[in-house]
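Novice: A single structure is presented below for examination.
The values are calculated or read from the model by the stated rules, or taken from the named source; none is laboratory data. Small disclaimer: the values here were computed from a predicted structure and weren't measured. Cβ sites come from the backbone with ideal geometry, for glycine too, and all protein chains shown count toward neighbours. In case anyone asks, the SASA skips ligands and DNA or RNA and just uses the protein heavy atoms, side chains included. Shrake-Rupley method; radii C 1.70, N 1.55, O 1.52, S 1.80 Å.
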Amino acid sequence: MQVLDTLALVGEVLSWVGLGIGLPLLLLAFLIRTVEGAWLPIEIAVIEREGSLVGRWFAGGDFHERALRRHEAATADDGWADGVVSANNPARARVGEPPHTRRVILTLGIVFAGVGFVGLVVSLLPLLMS
């Protein structure tokens, strides 16, 4: 029974650490998703106005525009660029892919919560084997 007790102790530590970190990260990812909304793919027209590049897009029943940043201007091809627009705020668009912050937080939350759940099951082994 010595090995089983040791496994239960390791499982309990893993469950406290995994669930203690994983569940708040999952909650944070959910809150970011609620505030930001989903990112929907769009095409952004790139035009030159007064020496600077401006992106224009149609979303939410209206036209929107903003000046492109330096790194975004390099991705413009033939006057069009692929981008994403926030479902909650159509005036907020990005050229390229959506930000990866939410995806990273969600992935870490899933990994930590998964390790915590496995640790919880392992910590319950002595109770189930008795």
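Residue by residue, here is whether (1) open to solvent by less than 70 Å² (accessible area, probe 1.4 Å); (2) aliphatic (A, V, I, L, M); (3) more than 13 Å from Val122 (Cβ to Cβ) holds:
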position	(1), (2), (3)
Leu9	no, yes, no
Leu14	no, yes, no
Leu28	no, yes, yes
Thr34	no, no, yes
Ala38	yes, yes, yes
Val46	yes, yes, yes
Arg49	no, no, yes
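Novice: Another one. What's the total number of residues in segment 82-101 that are surrounded by fewer than 17 Cβ atoms within 10 Å (Cβ to Cβ) and in contact with a Leu (Cβ under 8 Å, 6 or more places away or on another chain)?
Specialist: 1
Novice: If Trp57 satisfies every condition in (1) in a strand (DSSP E or B); (2) more than 26 Å from Thr34 (Cβ to Cβ); (3) in contact with a strand residue (DSSP E or B) (Cβ under 6 Å, 6 or more places away or on another chain) but one, which is the exception?
Specialist: (2)
Novice: From Val115, Val104, grab the single residue that is surrounded by 15 or more Cβ atoms within 10 Å (Cβ to Cβ), modelled with pLDDT of 90 or more and among the aliphatic types (A, V, I, L, M).
Specialist: Val115
Novice: Based on what the data block shows, is Thr34 of a type in the set (S, T, N, Q) and closer than 30 Å to Gly11 by Cα?
Specialist: No, not satisfied.
Novice: Please work out which residue is least open to solvent (accessible area, probe 1.4 Å), limiting yourself to segment 51-64 and to residues that are within 14 Å of Gly83 (Cβ to Cβ) and in contact with a Phe, Trp or Tyr (Cβ under 9 Å, 6 or more places away or on another chain).
Specialist: Among residues in segment 51-64 that are within 14 Å of Gly83 (Cβ to Cβ) and in contact with a Phe, Trp or Tyr (Cβ under 9 Å, 6 or more places away or on another chain), the one least open to solvent (accessible area, probe 1.4 Å) is Trp57.
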